[in-house]
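J.: Provided herewith is a single structure, encoded as structure tokens, for subsequent inquiry.
The values are calculated or read from the model by the stated rules, or taken from the named source; none is laboratory data. If you're wondering where the values come from, they're calculated on a predicted model, not measured in any experiment. Note that each Cβ is placed from the backbone with ideal geometry, even for glycine, and that neighbours are counted across all protein chains shown.
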Amino acid sequence: MELMRVDSDIGRIARPLTSRVPVRAVGLVAAVAIAYHYSLETLLRGLSLQTPLAYLGLVPLVALLLGAVNFRLHPELRPIHDRQVDWIVGLMLIASAGCISVLLPSAYSSDFWLHRLDMIGLPFFTAGMIALLYGVRRLWALRWAVAFLLLAWPDPYVTVLASAIGTSTDLALSAVALSLQLIPIAQPLGNGTFLVSHAGGDFSLSVGSACSGINSLVGFVIVGAAFNTIFRGGFLRRILWLAAGLVLVGALNVIRIDLIFLSGWAFGESFAIDVLHPVAGIIVFGIGALGMLAIAPLFGLRIPEAPRPRPAAVPSPDAPVVRHHSAKRHYGGVTALAVGLGLAVLLAVPDASFARYDSLVNAFGSPTLGTIDPAAVQLTGWQAGQPSTNDQATSYFGDNATWERIDFASGDGAPGLQTIYLDVIRTDDAGTLNAFGVEACYNFHGYSQVAFQTVDVGAGVDAKVASYRAPGGGTDWSLMWWEWPFNAGGQTRFERLVLLAPLGSPDGAPVATTDAQFQNAQSSLASIARAIVAQSMSQTAPAADLGA
């Protein structure tokens, strides 16, 4: 009996701090935060914006809560004794996340951030860390929490909202106009604009797409999907509950708009826009989510209770003392945590580099630039000619495509270059730009490529530069081109810019172009491209959705 008491005292004193602090959980959260610090920061930054995807920043936080709930509902899972399986699965998943962050940006250039492919790697890395720290059994138990992280990927929302946002806005505006017949505090002027009177004066408020409630609907889909992973009840009941929640949130948003009009009518424009408008959406969204959670039992749904802890068995005084070999398991956990944090630091480097795309595409995959007007491009040392159009644009790049060209004559411009051309091709379908590439055109006409490289021209854009020798002693060319998205009134379109420099003798005599001349031309085109990109950064698309 005395021996057991002494052994218990020694165990209590020697028990490490890690047995009382959830070190693995803290390490898991820290590793994810380090590896994807910039990606997560961009999402959280959007919570304060009036955008249809503002609530995507809640996804990582909700996923963390889902994981905590899962641990409470399933506190005891029998581990796999062979830790090699955990290591193999964990490292493979983390390697997949690394490939996405390291390899895809160079392949997709600006399109990488346009489609926010970095967010695809987030669930892979999280799953790998869970497998390393807790094992594959716990990973399987947390599968819905990990899969939930995919809801932070903006690209699918952009595809769906492109067709749904107009309908949602029209329905909201119709409901608001109908409600104003009962409480005439504002007068519809059309196009989502309403006239509000206050203290003898009038001011107008416009209801944009985000303000019409689409952001609250997206937010409820996120929260509703989280609850549906916890609820116990039939699949159809969950779908009906989610549909009812969308209707409720939409109705509450109409009330929110009416309250903004009412506050403007009573207290003025400043109070309505600067005081009530920023917080009204969050309040309404919270009321709707809590209200739907409260009425979930009416749909036959319930949240399961956590299992009660089993009472500890009282050992017999005559039972032998059993010493668990926890030191080895503890050492293995420390090793996994150290390896996971080390890999997180490595992945943090490419994640931080994604900041270079910020001037081109925002955090939700929407272009921030307007289109390039060739006639407005100014190049030091070059004189612009008259722009022209190519009627073949629609044949190659779609019905709405355009193709403009402008020439620049050298004043005190680049040595060896007398003329350059700038082509600007715009299209709705980025696939046509891939189908009709610049290199394919020169190869088709029998040109021989003598040089090719990729050059960073700013804003995260990797431009391609190449030189071609003409067949039969014709004109040789050096050219540089890049493609990027631009915002055309809320619609994402795509633009290819091509700089072309003919090389040869000024008097037209057939002279073979030297390698040095090709290199000088490529260097000059790179400098011109950087100047065009720098100018385009100031031509941002106009902000949308201003007003209520």
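J.: Scan the stretch 442-484 residue by residue and report those that are exposed (fewer than 14 other Cβ atoms within 10 Å of the Cβ) and outside any loop (DSSP other than H, G, I, E, B).
T.: Within the stretch 442-484, 443, 444, 448, 449, 452, 453, 454, 471, 472, 473 qualify.
J.: Within the stretch 524-544, is even one residue at pLDDT below 90, of a type outside the set (S, T, N, Q) and either over 29 Å from the mean Cα position of the chain (by Cα) or at positive phi (or both)?
T.: No, that holds for no residue.
J.: Can residue 85 be described as within 30 Å of residue 485 (Cβ to Cβ) and either touching a Cys at 6+ places or on another chain (Cβ under 8 Å) or among the β-branched types (Val, Ile, Thr) (or both)?
T.: Values: within 30 Å of residue 485 (Cβ to Cβ): no; either touching a Cys at 6+ places or on another chain (Cβ under 8 Å) or among the β-branched types (Val, Ile, Thr) (or both): yes.
Considered against the rule, which asks whether it is within 30 Å of residue 485 (Cβ to Cβ) and either touching a Cys at 6+ places or on another chain (Cβ under 8 Å) or among the β-branched types (Val, Ile, Thr) (or both), residue 85 comes out as no.
J.: The conditions are (1) touching a strand residue (DSSP E or B) at 6+ places or on another chain (Cβ under 8 Å); (2) at pLDDT 85 or above; (3) aliphatic (A, V, I, L, M), and residue 516 fails exactly one of them. Which is it?
T.: Tallying (1) touching a strand residue (DSSP E or B) at 6+ places or on another chain (Cβ under 8 Å); (2) at pLDDT 85 or above; (3) aliphatic (A, V, I, L, M), residue 516 fails exactly one: (1).
J.: When the stretch 18-75 is examined, which residues are found to be over 16 Å from the mean Cα position of the chain (by Cα) and among the charged types (D, E, K, R)?
T.: Of everything in the stretch 18-75, those that are over 16 Å from the mean Cα position of the chain (by Cα) and among the charged types (D, E, K, R) turn out to be 20, 24, 72.
Residues are listed down the side, and each one gets a yes or a no for (1) in contact (Cβ under 8 Å) with a residue 60 or more places away in the chain; (2) surrounded by fewer than 18 Cβ atoms within 10 Å (Cβ to Cβ); (3) out of contact with any strand residue (DSSP E or B) (no Cβ under 6 Å at 6 or more places or on another chain); (4) under 23 Å from residue 362 (Cβ atoms):
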{"site": "77", "(1), (2), (3), (4)": "yes, yes, yes, no"}
{"site": "82", "(1), (2), (3), (4)": "no, yes, yes, no"}
{"site": "93", "(1), (2), (3), (4)": "no, no, yes, no"}
{"site": "96", "(1), (2), (3), (4)": "no, yes, yes, no"}
{"site": "100", "(1), (2), (3), (4)": "no, no, yes, yes"}
{"site": "106", "(1), (2), (3), (4)": "yes, yes, yes, yes"}
{"site": "109", "(1), (2), (3), (4)": "yes, no, no, yes"}
{"site": "114", "(1), (2), (3), (4)": "yes, no, no, yes"}
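J.: Among the residues of the stretch 249-265, are any buried (at least 21 other Cβ atoms within 10 Å of the Cβ) and in contact with a strand residue (DSSP E or B) (Cβ under 6 Å, 6 or more places away or on another chain)?
T.: For the stretch 249-265, residues buried (at least 21 other Cβ atoms within 10 Å of the Cβ) and in contact with a strand residue (DSSP E or B) (Cβ under 6 Å, 6 or more places away or on another chain): present.
J.: Right, here's the next one. If you take the residues of the stretch 169-191 that are free of Cβ contacts under 8 Å to residues at least 24 places away in the same chain and surrounded by 13 or more Cβ atoms within 10 Å (Cβ to Cβ), which of them is farthest from residue 218 (Cα to Cα)? Explain how you work it out, then say what you get.
T.: In the first step, residues of the stretch 169-191 are kept if they are free of Cβ contacts under 8 Å to residues at least 24 places away in the same chain; the result is 170, 174, 177-178, 181-182, 184, 187-191.
Okay, now just the ones that are also surrounded by 13 or more Cβ atoms within 10 Å (Cβ to Cβ), so 177, 187-188.
Working: 177: 23, 187: 29, 188: 26 Å.
Of everything passing the filter in the stretch 169-191, 187 is farthest from residue 218 (Cα to Cα).
J.: Let me ask something additional. In the same structural domain as residue 207 (by TED's automatic domain parsing), in contact with a Phe, Trp or Tyr (Cβ under 8 Å, 6 or more places away or on another chain) and more than 18 Å from residue 65 (Cβ to Cβ): which single residue out of 240, 248, 276 fits that description?
T.: Numbers: 248 fails: in contact with a Phe, Trp or Tyr (Cβ under 8 Å, 6 or more places away or on another chain); 276 fails: in contact with a Phe, Trp or Tyr (Cβ under 8 Å, 6 or more places away or on another chain).
The unique qualifying residue is 240.
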